[in-house]
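The values are calculated or read from the model by the stated rules, or taken from the named source; none is laboratory data. Bear in mind the structure is a predicted one, so any value in this text is a computation, not a measurement. In this analysis, Cβ positions are derived from the backbone assuming ideal geometry, glycine residues included, and neighbour counts consider all displayed protein chains.
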Amino acid sequence: MGGKSGRRSARTGLPAPLAQTADKPAEVSLPRALSSGRTLRLTPATHTDNERLQVVSPSGDVEVEIAITAEGPVVRVRGADLRLSAARSIDLESAGPVRIRGSELRVRTEKSVHLNGETILLNCDENAPPPAANPRALPPPAAGQSGCCGHDHPTDPKN
């Protein structure tokens, strides 16, 4: 790889920008056509936007995007289907709410289904009163009691 066009970043392995000024970052956006007709696009961070890796459909829709933000990576996937498969387990964790929206939700398991929470609300809209204001809410189980079925309910979801 001779000459300036063959230089690659030691950190990313991508071609090194040929010129960069303080006012305008180097153009590192690397569209690459994929055999599916989609395009792989890498766009550097600017003072107004995050660094992004995208898979763009032939019609121009962003189907997969990884944006590198100050808080960490944000992954977005849009497609006909999303399938997750694991030999052992799949864990979803969030410091905030986890929302699942769809026309229908089906759960199938070979063993029990456990829903553990302070209060389990069914058929409630998003404006339902908080559990403390719900007069029909059952109190949480006493210390040392499982509260429902006699199964061990570990507090660590990885157990």
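Number of residues in the range 76-111 that are surrounded by 10 or more Cβ atoms within 10 Å (Cβ to Cβ) and at pLDDT 90 or above: the value is 3. From the list PRO73, PRO15, PRO44, PRO31, pick out the single residue that is surrounded by 10 or more Cβ atoms within 10 Å (Cβ to Cβ) and modelled with pLDDT under 70. The conditions single out PRO15. The strands (runs of 3 or more DSSP E) found entirely in the range 34-102 that carry 1 or more residues being closer than 30 Å to GLY117 by Cα are 72-77.
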